[in-house]
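> Can you read through this structure? Questions will come right after.
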Amino acid sequence: MNSSLPEAFVKSIPLPDDERVRLEEAIGSKAPVSIRINTKKAALLKTSQGVPWHPHGYYLAERPRFTSDPAFHAGAYYPQEASSMFLYHIVTGMQLHEAPINVLDLCAAPGGKSTLLRSVLHPESFLLANEVVGSRVNLLEENLTKWGIPGFAITQSDPSRFARVPEFFDLVVVDAPCSGEGLFRKDINAVNEWSQQNVEMCASRQQQILAGVWPALKPGGILVYSTCTFNELENEANMQWLLDQYNAEPVPLGNLPEGVIESTYGGGKGYRFFPHRIRGEGFFTAIVRKNGNSRESKPEKGRLQTIDGIFDSPEITAAVSDAGDVHAVVPAHLAVLAKLQKALNLRHAGLPVGKWSKGQFKPNHGIVMLYNSIFRLPLLTVNIEQALSYLKREDLGLSLPERGVYKVVFEGLALGLGRYDGHRLLSQYPMDWRIRTAASTEYRPIVKALH
Ligand code: SAM
């Protein structure tokens, strides 16, 4: 028995006694480290054991210092806890990636599930990543921008606000804030903060979140609910509550990977990840479909304004806001974005790529993060020491043939922009995202660039 765990918590774990002991042992052991590769930008360098439910998820033998790896800052991979990658299995198992759909990731920061979704969904699917907590929206923006795959927008709206876009989304992902029992081995503070009262508070907040967003789901649409906690109150009981409240049916999943446990509630099934059974943290997920008939949707009025000549590509266009912010947008989303702009607190209408001022385009960091950008800039290739200095926002003493803005590249991966003033390259890496800790220059690459 792991004596540091609250007794009431241990009793609440829905497992037989002998398995509970194995779970407690697992909570006391080292957490596995896993990453998900951005296959638009990079490939894994050395073979490594794969995450069973995601073709681009891999376990690493030890935890590297991600902040000292330029490829991490280039959006070439995302360190993500393995169980969370199961969303890939759900989306592909239900063929939700095969045709363009509207998707909402309601509780999206820091962006693990949003980046996963943006990679797996059809390129013309629209992904709205929402995060209600202001301080966390910046993190979401950072991770989606670095990921570099357009076709998303970012809002900062309370779940109840989504009633303003009724029956709009085909897929809603609610990765709910929870009591975090499944992360106890990674975060010892979570153990100290645990209380039955907090579990109950979380369960009731989750119901409010589900009730708030429910009207935005299309009849026939799918809601994927998940938490990283073990107790039944926040998991099966909330799914049962949802079925009792609304005209919905549970959706069972087939083809479960080994070690994933099927739990039941009423007529439905939940999927449980326990760290003594699989290589990952504690996680719960369940899927429901909204019943009923869809109203006929009217064609959207209006479109966002665009600027020609920035992207010479049918896949992306540059949309400009009234404030002059320029975003990379999938052309098919221009009308949808105009609608959402009126209804929600739209922070970014797409991947932020620059400013439009007095008829001129001034690119920013996002322009070189885009995997499919053909915006032309001279290249400056840097070594590991220079790359880390650049990422700390230090200037580089260099001699280059011409002054101006350069795309800074390390091992084939774009890191950002730099301005050469005739003596030095001034790092234009975003101030808030810069490396603040001492970085190790002992470079151990994890991935290699595709090109
Ligand atoms: N989906 C994210 C990912 O994969 O990286 C993790 C999401 S985390 C489990 C839950 C998120 O819900 C947090 O970012 C938190 O700020 C947000 N949140 C907190 N209170 C909320 C509320 N009342 N309504 C909606 N979201 C909330």
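The values are calculated or read from the model by the stated rules, or taken from the named source; none is laboratory data. Since we're looking at a predicted model, the values are computed, not measured. Cβ sites come from the backbone with ideal geometry, for glycine too, and all protein chains shown count toward neighbours.
> What's the number of the only condition in (1) of a type outside the set (F, W, Y); (2) out of contact with any Gly (no Cβ under 6 Å at 6 or more places or on another chain); (3) more than 22 Å from S125 (Cα to Cα); (4) not in a loop (DSSP other than H, G, I, E, B) that G309 fails to meet?
Of the numbered conditions (1) of a type outside the set (F, W, Y); (2) out of contact with any Gly (no Cβ under 6 Å at 6 or more places or on another chain); (3) more than 22 Å from S125 (Cα to Cα); (4) not in a loop (DSSP other than H, G, I, E, B), the odd one out for G309 is (4).
> Determine, yes or no, whether F66 is farther than 22 Å from Q206 by Cβ and without any contact (Cβ under 8 Å) to a residue 60 or more places away in the chain.
Here the answer is yes, as F66 does meet what is asked.
> Please specify each residue of the stretch 92-117 satisfying the condition of being in contact (Cβ under 8 Å) with a residue 60 or more places away in the chain, away from the ligand (no atom under 12 Å from the Cβ) and outside any loop (DSSP other than H, G, I, E, B).
G93, N102, V103, listed by residue number.
> For the stretch 220-239, which positions are within 13 Å of the ligand (Cβ to nearest atom) and aliphatic (A, V, I, L, M)?
Once the filter is applied, which keeps residues that are within 13 Å of the ligand (Cβ to nearest atom) and aliphatic (A, V, I, L, M), the stretch 220-239 yields only V224.
> Still on this structure: Among the strands (runs of 3 or more DSSP E) lying completely within the stretch 169-265, list those that include at least 2 residues that are among the hydrophobic types (A, V, I, L, M, F, W, C) and modelled with pLDDT of 95 or more.
169-175, 217-227
> Let me ask something additional. Here are some residues: E249, E234, E193, E258. Which one is among the acidic types (D, E) and under 15 Å from H89 (Cα atoms)?
Unique residue meeting the criteria: E258.
> In the stretch 340-377, how many residues are in a strand (DSSP E or B) and at positive phi?
1
> Separate question: May I ask you to list the residues in the stretch 129-168 that are near the ligand (Cβ under 9 Å from one of its atoms), crowded, with 24+ Cβ neighbours inside 10 Å and assigned to a helix (DSSP H, G or I)?
Scanning the stretch 129-168 gives a single hit, L140.
> Another question about this same structure. List the number of the failed condition for Q386; all other conditions in (1) polar (S, T, N, Q); (2) over 24 Å from N143 (Cβ atoms); (3) surrounded by fewer than 14 Cβ atoms within 10 Å (Cβ to Cβ) hold.
Q386 satisfies all of (1) polar (S, T, N, Q); (2) over 24 Å from N143 (Cβ atoms); (3) surrounded by fewer than 14 Cβ atoms within 10 Å (Cβ to Cβ) except (3).
> Please state which one of L415, L388, L425, L400 is in a loop (DSSP other than H, G, I, E, B) and either touching a residue at least 24 places away in the same chain (Cβ under 8 Å) or under 20 Å from V447 (Cβ atoms) (or both).
The match here is L400.
> It is to be established whether one or more residues within the stretch 31-47 are crowded, with 18+ Cβ neighbours inside 10 Å, under 30 Å from V336 (Cα atoms) and among the hydroxyl-bearing types (S, T, Y).
no
> Then there is this: So which residues in the stretch 305-326 are buried (at least 16 other Cβ atoms within 10 Å of the Cβ), in contact (Cβ under 8 Å) with a residue 60 or more places away in the chain and not aromatic (F, W, Y), if there are any at all?
Result: I310, I316.
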